[in-house]
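One structure is given below, encoded as structure tokens.
Values quoted throughout were computed directly from the atomic coordinates according to the rules given, and no laboratory measurement underlies them. If you're wondering where the values come from, they're calculated on a predicted model, not measured in any experiment. As a convention, Cβ positions derive from the backbone with ideal geometry for all residues, glycine included, and neighbour counts pool all protein chains shown.
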Amino acid sequence: MDQAPGNPQGPEGQGSADARSTPVCYRHPDRETGIRCTRCERPICPECMVSASVGFQCPDCVRGGSGTGTSPTAARPRTIAGGTVAADPRLVTKILIGLNLALFLVQQAVGDHFTDRLDLIGQAYDPTLGSVQGIAQGQDYRLLTAMFLHASVIHILFNMLSLWWIGGPLEAALGRTRYLTLYMVSGLAGSALSYLLAAPNQPSLGASGAIYGLFGATAVLMRRLNYDLRPVLALLVINLIFTFRASGIAWQAHVGGLIAGVACGYAMVHAPRKNRNLIQYGTCALVLVAVVVMTLVRNGQLT
């Protein structure tokens, strides 16, 4: 039988025809696939495959309740703490550094009038503002805002370098949400302990409490991974010696942040997979309860 022109047969021609007939994913038309949903029979690529008891199902069938597979996100790579591995593992650290730098520039531009409204102070008359200021006066927001203010160029430079060196790798290990939670909880714990123990008219500010929390969590993580702890412990000891020997440093914020960081960090890297979220965020919630208790106790002492 003669072959018609333009309709080649044989292995080469047959391969080209098969390639042209390969279906494409209904959600990603640029991706060829040989797998179909076992329910609706639409072609699906590996990213859209949801494991089922038999074969794979598409995300639409799973969302519609017709499937029994797991969500596509369940197959995404996870960090040691259960967080999602992100394309930019230092994004939150960069944002935190940017926020601290931006507020420092505002401090320099506006002056003490801005800083005195947001730093951490228990209760004192402020001549700049002409009134009694402080957390005991209902200004609880100072527990948070003081974490993003700094007293000098050296102060913010040291803290931001520490945040980059310690925070970046820790964010990659924990995931963005857990890392940000750790940072905020540690900073608030440092502020609360400083409010509880420091003189009510002694102002303080800085990200040191949160950064000491990252120090503590890093030590816990390295111990979990069986890394050599001596470098981080030596750095931590040096910082603590400097904290207690140098004047003008709120050691209470450093200690409070460190304790919170160790507690939350331990929960994040040691929580069993079955109840991981409950244990991790439950521990952070307990630390926040301690923050509230310390604040209320100090309020009662000053009012």
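Explain nothing, just the number: relative contact order of the chain, from Cα pairs under 8 Å at least 6 residues apart, as a whole percent.
Averaging sequence separation for qualifying contacts and normalising by length gives 15 percent for the chain.
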Next item on the list: Kindly express, to the nearest 10 degrees and within the range 0 to 90, the angle between helix 10-21's C-alpha long axis and the longest C-alpha principal axis of the chain.
Entry: 50
Next item on the list: Any chance you could give the angle, 0 to 90 degrees and rounded to 10, that helix 230-245 forms with the longest Cα principal axis of the chain?
Entry: 30
Check: Which order do peptides 192-201, 178-187, 231-240, 150-159 fall in by mean Cβ count within 10 Å, highest first?
Finding: 178-187, 192-201, 150-159, 231-240
Margin query: Can you match Cα Rg over 2.2 N^0.38 Å to one of these, (i) 1.03; (ii) 1.43; (iii) 0.98, based on a calculation from the structure here?
Written below: (ii)
Item checked: Between 0 and 90°, nearest 10: helix 251-270 axis offset from the chain longest Cα axis -> 20
Margin query: Sort 216-224, 137-145 by the packing proxy (mean of other Cβ within 10 Å over each peptide's residues), most packed first.
Written below: 216-224, 137-145
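With 10 angstrom as the radius, rank Phe148, Phe242 by how many other C-beta atoms surround their C-beta, starting from the fewest.
Fewest-to-most ranking of Phe148, Phe242: Phe242, Phe148.
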Checklist line | the chain: calculated mean residue ellipticity at 222 nm from DSSP helix runs of at least 4, using -39500 (n - 2.57) | finding: -18000 deg cm²/dmol
Check: What is the local net charge at Ala136, summed over the other residues whose Cβ is closer than 11 Å to its Cβ (Lys, Arg +1; Asp, Glu -1)?
Finding: +1
Next item on the list: Arrange the peptides 84-95, 117-128 so that the one whose residues have, on average, the most other Cβ atoms within 10 Å appears first.
Entry: 117-128, 84-95
